[in-house]
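Colleague: Can you read through this structure? Questions will come right after.
The values are calculated or read from the model by the stated rules, or taken from the named source; none is laboratory data. All of these numbers come straight from a predicted model, not from anything done at the bench. When we count neighbours, we look across all protein chains shown, and the Cβ atoms used for this are built from the backbone with ideal geometry, even at glycine. Quick note on the areas: whole protein, heavy atoms, side chains included, nothing else; ligands and nucleic acids left out. Shrake-Rupley method; radii C 1.70, N 1.55, O 1.52, S 1.80 Å.
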Amino acid sequence: MECGTIGCEMGGADLDKPVRLALIPGDGVGPEVMAEALPCLEWARSRGRNIEFFSLPFGAEHYLATSETLPEGVFADVRDGCDAILFGAVGDPRIPDGRHAEEILLRLRQGLELTVNFRPCRPLVAGLDAPFDIEVFRENTEGPYCLQGSTEPGRAVDLAIHTEPAVRRLLQAAFLRARDKGCSLTLAHKANVLKHGHGLWLRVFEELRARHPGVTARPMHADALLCALVQKPGAFGVIAADNYLGDLISDLSAAFMGGMGVAPSLSWAPHRPFRCLALAEPVHGSAPDIAGKGLANPVGMVLSTALLFRHLGWEAEAVAIESSVSKALEDGARTLDLGGSLETAAMGRAIRGFLPLGHQQGIPMEKHS
Ligand code: NAD
Ligand code: IPM
Ligand code: MN
């Protein structure tokens with residue numbers, strides 16, 4: 001039976017082969033938050049996890065110095081020689097058209113066919129009065145992100161392309177997740193206006209709904225959904241959306257958790273087209289307004305690393321990192337965005353202070369699922 005559990009993607013992985021990760025810190029706060037994810041990788045290794053990682057320099061500085069964004073040869077090496085990517089953020093005010101960001105981040109998402117972008121959103125500290133547990137399943141490769149269009153005198157066009165295989169992959173993953181989690185599924189759409197593209201989404205959704213009678217699933221106009229989400233976040237479970245709506249919904253949901261600095265994400269390719277199956281990155285961008293000041297919250301990046309561990313089948317490590325983040329916050333550790341005064345590195349240390357020891361002294365290791 002197909003699995004909707006996050007972390008089943010690597011089932012059958014070869015235990016003897018090291019997991020190979022490419023790290024792309026990128027721009028702005030990207031390298032600052034990546035510096036707090038690195039010790040988590042080293043910690044996993046100290047517990048016996050077979051992991052290799054190396055850093056790639058691509059981002060604004062590299063582009064401005066060399067005119068190179070992501071060379072095709074490097075893309076192919078990552079695609080065929082790595083298992084996953086850990087990504088910081090891209091975006092730099094010196095490159096206002098964002099060309100390098102497109103050619104690095106969108107190239108990876110699209111070229112690796114990472115259809116599913118999973119953006120979970122739940123309270124970081126337990127015991128909030130109004131609990132919520134939202135998981136956004138965002139299609140990650142299509143819609144207006146195909147970057148086709150034109151600017152003419154007095155007229156501008158952006159195309160949004162939706163293909164049935166990608167829509168089906170995303171919705172199938174969302175249905176399986178809602179089924180396995182026992183929660184509702186809501187499709188965000190605007191098929192009342194976007195008759196062609198979102199019409200396709202609705203058709204595939206209705207087909208899968210008939211095949212999953214155990215899942216409480218409903219389509220909802222995205223505008224009405226946003227109002228209901230703000231008023232009653234606890235009423236939502238899995239939310240499926242196209243690339244554009246999913247981008248907006250996931251930033252809004254990030255606000256429930258505490259803001260842009262804390263929201264994690266993981267993208268993956270359910271149909272396993274290449275060796276490199278996943279990319280973990282925080283939901284936030286390069287935050288040029290706070291970059292270089294030690295103000296960035298590393299929680300989104302660290303929690304994305306936990307999602308990556310779960311994807312690799314390393315559930316114990318994923319849980320340990322997630323609970324260390326919660327314990328550090330319960331202990332009062334906060335960066336400026338959460339009303340505290342800790343710098344990025346101090347917040348990273350506070351989190352790691354709650355990790356169990358490595359070298360077989362920590363919690364027991366489980367096998368790959
Ligand atoms: P942003 O997410 O970079 O910043 C939005 C707000 O959130 C800012 O006030 C920022 O200070 C704050 N913020 C972001 N990350 C934070 C962190 N770790 N800790 C504390 N506060 C944090 O979005 P933006 O300002 O719209 O975009 C800036 C650049 O980043 C643009 O070039 C954009 O295209 C790019 N971007 C990249 C990604 C990515 O690489 N995945 C995602 C979003 C935006
Ligand atoms: C995100 C970002 C990106 C997106 C940008 C930088 C292209 O906002 O990862 O959410 O829109 O997907
Ligand atoms: Mn976004």
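Colleague: I'd like to check something: does segment 218-238 contain any residue that is touching an Asp or Glu at 6+ places or on another chain (Cβ under 9 Å), within 16 Å of ligand 1 (Cβ to nearest atom) and assigned to a helix (DSSP H, G or I)?
Modeller: The answer is no, given that none of the residues of segment 218-238 is touching an Asp or Glu at 6+ places or on another chain (Cβ under 9 Å), within 16 Å of ligand 1 (Cβ to nearest atom) and assigned to a helix (DSSP H, G or I).
Colleague: How many residues are assigned to a helix (DSSP H, G or I) and open to solvent by less than 80 Å² (accessible area, probe 1.4 Å) when one looks only at segment 332-359?
Modeller: Total satisfying the criteria: 10.
Colleague: On the basis of being modelled with pLDDT of 95 or more, over 12 Å from Thr186 (Cβ atoms) and among the aromatic types (Phe, Trp, Tyr), does Phe256 make the cut? If you could, list the steps in order and put the result at the bottom.
Modeller: Working: modelled with pLDDT of 95 or more: yes; over 12 Å from Thr186 (Cβ atoms): yes; among the aromatic types (Phe, Trp, Tyr): yes.
Spelling it out, Phe256 is indeed modelled with pLDDT of 95 or more, over 12 Å from Thr186 (Cβ atoms) and among the aromatic types (Phe, Trp, Tyr).
Colleague: Scan segment 141-165 residue by residue and report those that are open to solvent by 50 Å² or more (accessible area, probe 1.4 Å) and either under 17 Å from the mean Cα position of the chain (by Cα) or small (Gly, Ala, Ser) (or both).
Modeller: Once the filter is applied, which keeps residues that are open to solvent by 50 Å² or more (accessible area, probe 1.4 Å) and either under 17 Å from the mean Cα position of the chain (by Cα) or small (Gly, Ala, Ser) (or both), segment 141-165 yields Gly149, Gly154, Ala156, Ala160.
Colleague: Now, a different point. How many of the residues in segment 75-120 are open to solvent by less than 60 Å² (accessible area, probe 1.4 Å), touching a residue at least 24 places away in the same chain (Cβ under 8 Å) and in a loop (DSSP other than H, G, I, E, B)?
Modeller: Residues in segment 75-120 being open to solvent by less than 60 Å² (accessible area, probe 1.4 Å), touching a residue at least 24 places away in the same chain (Cβ under 8 Å) and in a loop (DSSP other than H, G, I, E, B): 9 in total.
Colleague: A further question follows. Just one of Arg177, Arg168, Arg138 is out of contact with any helix residue (DSSP H, G or I) (no Cβ under 9 Å at 6 or more places or on another chain), at pLDDT 95 or above and surrounded by 12 or more Cβ atoms within 10 Å (Cβ to Cβ); which is it?
Modeller: Values: Arg168 fails: out of contact with any helix residue (DSSP H, G or I) (no Cβ under 9 Å at 6 or more places or on another chain); Arg138 fails: out of contact with any helix residue (DSSP H, G or I) (no Cβ under 9 Å at 6 or more places or on another chain).
Going through Arg177, Arg168, Arg138 in turn, the sole match is Arg177.
Colleague: Sticking with this structure for a sec: Are any of the residues in segment 308-316 surrounded by fewer than 23 Cβ atoms within 10 Å (Cβ to Cβ), more than 14 Å from ligand 1 (Cβ to nearest atom) and part of a helix (DSSP H, G or I)?
Modeller: Scanning segment 308-316 turns up at least one residue that is surrounded by fewer than 23 Cβ atoms within 10 Å (Cβ to Cβ), more than 14 Å from ligand 1 (Cβ to nearest atom) and part of a helix (DSSP H, G or I).
Colleague: Additional query: Tell me the residue from Val215, Val262 that is surrounded by 20 or more Cβ atoms within 10 Å (Cβ to Cβ) and within 16 Å of ligand 1 (Cβ to nearest atom), please.
Modeller: One residue alone meets the criteria, Val262.
Colleague: I'm trying to understand the selection: among the residues of segment 194-212, which are open to solvent by less than 40 Å² (accessible area, probe 1.4 Å) and assigned to a helix (DSSP H, G or I)?
Modeller: Within segment 194-212, Gly197, His198, Gly199, Leu200, Trp201, Val204, Phe205, Leu208 qualify.
Colleague: Which residues, counting only those in segment 240-270, are within 15 Å of ligand 3 (Cβ to nearest atom), hydrophobic (A, V, I, L, M, F, W, C) and outside any helix (DSSP H, G or I)?
Modeller: Across segment 240-270, the qualifying residues are Ala241, Ala263, Leu266.
Colleague: Separate question: I need the full set of residues from segment 6-35 which are β-branched (Val, Ile, Thr) and modelled with pLDDT under 95, in order please.
Modeller: Scanning segment 6-35 gives a single hit, Ile6.
Colleague: Name the single residue that is farthest from Glu72 (Cα to Cα) among those in segment 121-158 being acidic (Asp, Glu) and free of Cβ contacts under 8 Å to residues at least 24 places away in the same chain.
Modeller: Among those that are acidic (Asp, Glu) and free of Cβ contacts under 8 Å to residues at least 24 places away in the same chain, it is Asp129.
Colleague: When you look at Asp289, is it touching a helix residue (DSSP H, G or I) at 6+ places or on another chain (Cβ under 6 Å) and modelled with pLDDT of 95 or more, yes or no?
Modeller: no
Colleague: Sticking with this structure for a sec: With the condition kept exactly as written, say whether any residue in segment 57-74 is buried (at least 18 other Cβ atoms within 10 Å of the Cβ), assigned to a strand (DSSP E or B) and within 13 Å of ligand 2 (Cβ to nearest atom).
Modeller: Scanning segment 57-74, I find no residue that is buried (at least 18 other Cβ atoms within 10 Å of the Cβ), assigned to a strand (DSSP E or B) and within 13 Å of ligand 2 (Cβ to nearest atom), so the answer is no.
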